[in-house]
Amino acid sequence: MKSPFLFATAALLALAACNSEPSAPEVLDSNPDPMARELANAGAIELPPSIKAEKSMRCDDNSLAYVTFFEGDKQVLLRTAKDGPATTLTAANGGEPLTAEGGWKLTGDTKNVTIEQPGKKPLSCHE
């Protein structure tokens with residue numbers, strides 16, 4: 001008569017001889033990223049600046065100017081009417097006059113600004 005212990009030992013030895021896990025996981029990339037190389041070599045991305053302040057300013061001709069100031073003091077959005085088109089004025093460095101095509105220029109800070117518009121006299125505006 002054969003012992004159940006002998007069968008169990010033989011079965012365990014047979015299972016121990018099998019390698020149930022491969023030495024390295026198999027990775028299949030059936031949809032490679034066509035821009036992977038370009039993205040890996042891409043330079044740093046500068047995020048757009050956050051809003052520093054949004055101001056409605058009264059000007060010396062009794063009109064209103066709506067100015068959105070951005071962090072870094074290199075960009076503002078200027079509206080001369082509440083729902084009017086916005087003009088983006090920029091500067092290469094913070095603290096320099098902000099300008100836009102066509103003769104737009106803005107100098108000042110979040111409390112007082114001077115606005116030069118194409119074909120109009122300069123406006124002094126304050127909070």
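The values are calculated or read from the model by the stated rules, or taken from the named source; none is laboratory data. Keep in mind that what you see is a predicted model, and the values were worked out from it rather than measured. Here the Cβ is made from the backbone with ideal geometry for all residues, glycine too, and neighbour counts use every protein chain on show. These accessible areas exclude ligands, DNA and RNA; they are computed on the full protein's heavy atoms, side chains included. Shrake-Rupley method; radii C 1.70, N 1.55, O 1.52, S 1.80 Å.
On the basis of the beta-carbon distance and an R0 of 30 Å, Leu39 and Ala100 show a calculated FRET efficiency of 0.35.
For the stretch 33-127, the per residue solvent-accessible surface stands at 68 Å², with DNA, RNA and ligands left out and a 1.4 Å probe. Its residue count N sets the reference 2.2 N^0.38 Å, and the alpha-carbon radius of gyration of the stretch 67-120 equals 1.04 times that reference. What the Kirkwood sum gives for the stretch 24-79 is a hydrodynamic radius of 16.0 Å, with every pair of different alpha carbons counted.
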